[in-house]
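Engineer: Sharing a structure below in structure tokens format, with a few things to ask.
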Amino acid sequence: MKEQNNANCSICGSSYHLCVSCRDSMKLQPWKIHCCSANCYQVFQIVKGYNNGVYSKEEAKERFKNVDLKNVGSFIPHIK
């Protein structure tokens, strides 16, 4: 039986299954706490860094050049 989705991505809003009791899985994919994919987690890290003053606007823009943004249209409004 397929697990039910119980989390929503902080970047695109997609629902996905997060098993917090699966310690091995969380060690291999810790990004699943916040995001549905590793790519969304890259965006999450840059946005969080910018919002917390770790990155300037220019630094964040430069970091985004290394991230796949082809699905930016599906991001939740305040992330776009």
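The values are calculated or read from the model by the stated rules, or taken from the named source; none is laboratory data. In this text the structure is predicted, and so the values were computed from the model without any measurement. Here the Cβ is made from the backbone with ideal geometry for all residues, glycine too, and neighbour counts use every protein chain on show. The accessibility values were calculated without ligands, DNA or RNA, using every heavy atom of the protein model including side chains. Shrake-Rupley method; radii C 1.70, N 1.55, O 1.52, S 1.80 Å.
Engineer: May I ask you to give the solvent-accessible area per residue for the chain, in square angstrom, as obtained with a 1.4 angstrom probe?
Structural biologist: Per-residue value: 75 Å².
Engineer: Output wanted: per-residue J couplings in Hz (rounded whole) for the stretch 5-19, from phi through Karplus 6.51 cos²θ - 1.76 cosθ + 1.60, θ = phi - 60°, x for Gly and Pro.
Structural biologist: 5, 9, 9, 10, 5, 6, 9, 9, x, 4, 8, 8, 8, 10, 9
Engineer: Taking N as the number of residues in the chain, what is its alpha-carbon radius of gyration divided by 2.2 N^0.38 Å?
Structural biologist: Here the Cα radius of gyration is 1.18 times the empirical estimate.
Engineer: Leaving ligands, DNA and RNA out of it, report the carbon-plus-sulfur percent of the accessible area of the chain at a 1.4 Å probe.
Structural biologist: For the chain, the apolar C and S fraction of the accessible surface comes to 50 percent.
Engineer: A further question on this structure: Given a Förster distance of 35 Å, report the FRET efficiency between residue 72 and residue 19 from their Cβ-Cβ distance, rounded to the nearest 0.05.
Structural biologist: Plugging the Cβ-Cβ distance into 1/(1 + (r/R0)^6) gives 0.80.
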